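Read through the structure below, which is laid out as structure tokens, and then see the notes.
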Amino acid sequence: MVKVEICAGSHCSLVGALNILETLEELQTEYPGQIQIEKVECMDMCDDIKNAPVIRVNDDLITSAQTQMVISKVMERIK
Ligand code: FES
């Protein structure tokens, strides 16, 4: 099981966290029971807006997250 925590705080939402969430939800449908997605409050990493969006895949913290990068990290852990 891969655990993905997506920051749903205002800074991260502003720069696309929720788009990444949508894509992850599609991936979750393709791999039932293998991906757990959790929306979390501000992770206090966005003092510098460049860090947003912030996403954690298991213990791996990703700043300035982009969809493709997050999907790759999730897929590495599924396989
Ligand atoms: S809003 Fe995402 S780290 Fe602050």
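No lab work stands behind these numbers, since they all come straight from the coordinates. All values derive from a computational prediction rather than experimental measurement. Because the Cβ atoms are built from the backbone with ideal geometry, glycine has one as well, and the counts that use them run over all protein chains shown.
Details
- Each residue of segment 59-64 is assigned a 3J(HN,Hα), and the resulting list reads 9, 9, 8, 10, 9, 6 Hz, derived from the Karplus form 6.51 cos²θ - 1.76 cosθ + 1.60 (θ = phi - 60°), x at Gly and Pro.
- Cβ-placed point charges (K, R +1; D, E -1), dipole of the chain about Cα centre in debye, nearest 20: 200 debye
- Beta-bridge orientation, the chain: approximately 50 percent antiparallel, per DSSP, counting only bridges with both partners inside.
- Take the Kirkwood radius over Cα pairs of segment 6-71, plug it into Stokes-Einstein at 37 °C and 0.692 mPa s, and you get 278 µm²/s for translational diffusion.
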